[in-house]
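Coordinate-derived values only; no laboratory data. Nothing here was measured: the structure is a model prediction, and the numbers come from that model. Ideal geometry is used to build each Cβ from the backbone, glycine not excepted, and the neighbour counts take in all protein chains shown.
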Amino acid sequence: MKANETRLMLQTSVSDLDSQKHVNSASYLAFAEEGQYDLLKKNGFDYLYFRYNKLSVKTLASHINFHKQQFPQTFLEIITNIYRDGDILYWKQNILNHASKELSCSLSTISKINSMPQDLAAFSRGIPFLEMESNNLGDFSQTCKRSMMYHKVRHVDLDGFEKLSTKTLWRLNEEARWSFLNETGISIENLLQNDITLFWIEGVYKYFENSGLGEPLRIFSWIDRMDKVRIYFRQEIIDSQGKRVSFTEGKFLCVSITTSKPKRIPEFIKRAFVDYINKPL
């Protein structure tokens, strides 16, 4: 029986910070991936094993919840569990602040190995409940405007398997959201002046086609819906052939910078987003 759980200690750094001065959400994907490969390595399947046997792990979907912001020089403990069903691997991960033991981020991930080695099949069977499996994001209703950002895949966008990494896709979506805000007339200065930050609290990602070096991508962003304090962003990345690369929904909480508590979405944001809100058919 293989070890189905491992714990890995990593330290955040200044280079993990974003413009909001806390550890960028994309860094948690990198931490989680390190945890996954650490578990595989401790079971005898390191990176060189995958390269020598021409194997690669493709992420199919992920569901991420953020609980507490983290800052530089913080030790994080990545707890990783793995389950298997045929050639599909199911990962459950929690990222904790090692000192306080507070939960910073939790992730559920579905991935697939292009050719499941017999030795990997020794992982115990059994599938934990994954919220993403019952979360049908659906397609764009074509009832509202969408902002669009272009990106051409670069060398630095590829991972060690020469594939477009999930961390890159995350960053592209993040950059496209800032582009969306700019298109709708909202700047970070507007948010700060109104004592507001939009805190990412949950996201569901689904991955489809992979794109190679030089591939032109289009990243579309729009609003699926809003309630009193939450904004539900939808984003879709399309390649030059019109094939979907990824599709995501991100849940953002409108928070007061002063009190760090949820704050009702102000009218100026509602007015800015009105043409970009999905209208159900």
Mind checking the dipole of the range 220-281: about its Cα centre, +1 per Lys or Arg Cβ, -1 per Asp or Glu Cβ, Debye to the nearest 20? 300
Roughly how many Å is it from the Cα centre of the range 60-118 to that of the range 162-208, as a whole number? 21
Under the Karplus relation with 6.51, -1.76 and 1.60 and θ = phi - 60°, whole-Hz ³J(HN,Hα) for the range 147-164, x at Gly and Pro, equal 7, 9, 10, 9, 8, 9, 4, 10, 4, 5, 7, 8, 9, x, 9, 6, 10, 5
Note the angle between two axes, namely the Cα long axis of helix 25-42 and the longest principal axis of the Cα atoms of the chain, as a number of degrees from 0 to 90, rounded to the nearest 10. 10
Extend 7 Å from the Cα of Glu5 along its Cα-to-C-beta direction; within the range 62-77, residues with backbone N under 18 Å of that point are 77
Treat each spin label as a single point 7 Å out from the Cα along the C-beta direction, and report the Asp87 to Ser240 distance in nm. 2.8
Net charge within 9 Å of Ser25 by Cβ-Cβ distance, Lys/Arg positive one each and Asp/Glu negative one each, not counting Ser25 itself? -2
If one compares the long axis through the Cα atoms of helix 166-183 with the longest principal axis of the Cα atoms of the chain, the angle in degrees, nearest 10, works out at 0
Test item: Cα-centred dipole of the chain, Lys/Arg +1 and Asp/Glu -1 on Cβ, debye: 360
In deg cm²/dmol, rounded to 500, what helix-only [θ] at 222 nm does the chain give when every DSSP H run of at least 4 residues adds -39500 (n - 2.57) and the total is split over its residues? -6000 deg cm²/dmol
